[in-house]
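To keep things clear, I will list the structure first and then write my remarks on it.
The values are calculated or read from the model by the stated rules, or taken from the named source; none is laboratory data. Note that the structure is predicted; figures quoted are calculated from it, not measured. Here the Cβ is made from the backbone with ideal geometry for all residues, glycine too, and neighbour counts use every protein chain on show.
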Amino acid sequence: MWHFYDFCLMRTIVIGDIHSGYLALKQLLERIGVEKEDKLIFLGDYVDGWSSAVETVDYLLDLSTTIDCVFLRGNHDELVYDWLKDGLDKPMWLAHGGEASKSSYTGQSDKLIEAHKGFYKSLQNYHLDDKNRLFVHAGFTNLNGVEFEYFSKMFYWDRTLWEMVLGLDTTIGPQHALYPKRLKNYLEIYIGHTPVTRINKTKPVLAANVWNMDTGAAFKGPLSAMDVDSKTIWQSDPVYQLYPKERGRN
Ligand SMILES: [Mn+2]
């Protein structure tokens with residue numbers, strides 16, 4: 001038997017880049033008061049940052065057994081997967097949080113490593129919901145939308161989408177000839193990847209129809225979540241305060 005009240009409880013909540021901030025993730029989900037009817041969409045970059053890579057992925061795997069979760073692929077998730085799978089440890093990865101993920105996985109059981117490889121392998125490049133809202137870690141470049149993207153790595157490495165909307169003349173609207181065609185494919189686009197702390201913000205930022213949910217959890221910012229219908233925002237404490245003995249990525 002359905003009640004209108006039950007329907008109201010069904011929320012779609014998007015969550016920004018975690019970067020192994022397991023303590024912040026727990027705090028954030030407590031503050032949201034996640035219910036079994038909720039749908040959670042994670043924008044990727046679960047790892048590379050603080051010391052809790054293993055705990056973070058374990059927690060997400062556990063969460064997905066009771067809650068409807070969508071896990072998108074971030075560039076850091078691919079880098080960790082490449083290391084777990086093929087032993088690749090690129091210097092650029094090690095310098096940007098890879099070292100912390102490597103230590104977190106050192107000494108873990110084969111069973112755990114296999115389960116986590118399964119998690120990284122299962123990640124999706126993007127998610128499109130029934131209201132034409134696009135969720136993707138970094139962006140896309142094809143004017144006609146994600147189905148036409150030539151290079152799938154763009155979904156988790158691109159920065160041009162965010163740079164474009166930040167530099168957009170706010171006096172021109174979607175009807176204007178110069179309005180970027182890329183943006184018109186979707187009602188809203190939710191991304192992470194480029195921390196808004198770079199433009200001195202600590203809350204999710206809206207530019208044109210693009211919401212950037214990466215509030216710098218790997219650096220000096222909090223971890224953020226938002227109800228995509230009501231635009232209610234929840235945040236953890238600044239993540240570095242939960243890991244006082246660590247340097248993080250700074
Ligand atoms: Mn990223």
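Of note:
- Those residues of the range 48-76 which are buried (at least 24 other Cβ atoms within 10 Å of the Cβ) and under 13 Å from His96 (Cα atoms), in sequence order: Asp48, Gly49, Trp50, His76
- Within the span defined as the range 62-83, every residue fails to be within 21 Å of Gln241 (Cα to Cα) and among the basic types (Lys, Arg).
- Arg249 fulfils the conditions (1) in a loop (DSSP other than H, G, I, E, B); (2) within 16 Å of the ligand (Cβ to nearest atom); (3) modelled with pLDDT of 95 or more; (4) out of contact with any Lys or Arg (no Cβ under 6 Å at 6 or more places or on another chain) except for a single criterion, (3).
- Of all residues in the range 127-156, those satisfying the criterion of being surrounded by fewer than 18 Cβ atoms within 10 Å (Cβ to Cβ), over 19 Å from Ala207 (Cβ atoms) and of a type outside the set (Ser, Thr, Tyr) are Leu128, Asp129, Asp130, Lys131, Asn142, Asn144, Glu147, Phe148, Phe151, Lys153.
- Pick from the range 172-210, criterion of a type in the set (Ser, Thr, Tyr) and outside any loop (DSSP other than H, G, I, E, B), ranking: surrounded by the most Cβ atoms within 10 Å (Cβ to Cβ): Tyr190
- Matching residues, the range 37-64, being within 16 Å of the ligand (Cβ to nearest atom), outside any loop (DSSP other than H, G, I, E, B) and in contact with a Ser or Thr (Cβ under 6 Å, 6 or more places away or on another chain): Ala53, Thr56
- Among the numbered conditions (1) loosely packed, with under 13 Cβ neighbours inside 10 Å; (2) within 16 Å of the ligand (Cβ to nearest atom), the only one that Ser103 does not meet is (2).
- Any chance Glu163 is within 23 Å of Val70 (Cα to Cα) and of a type in the set (D, E, K, R): no
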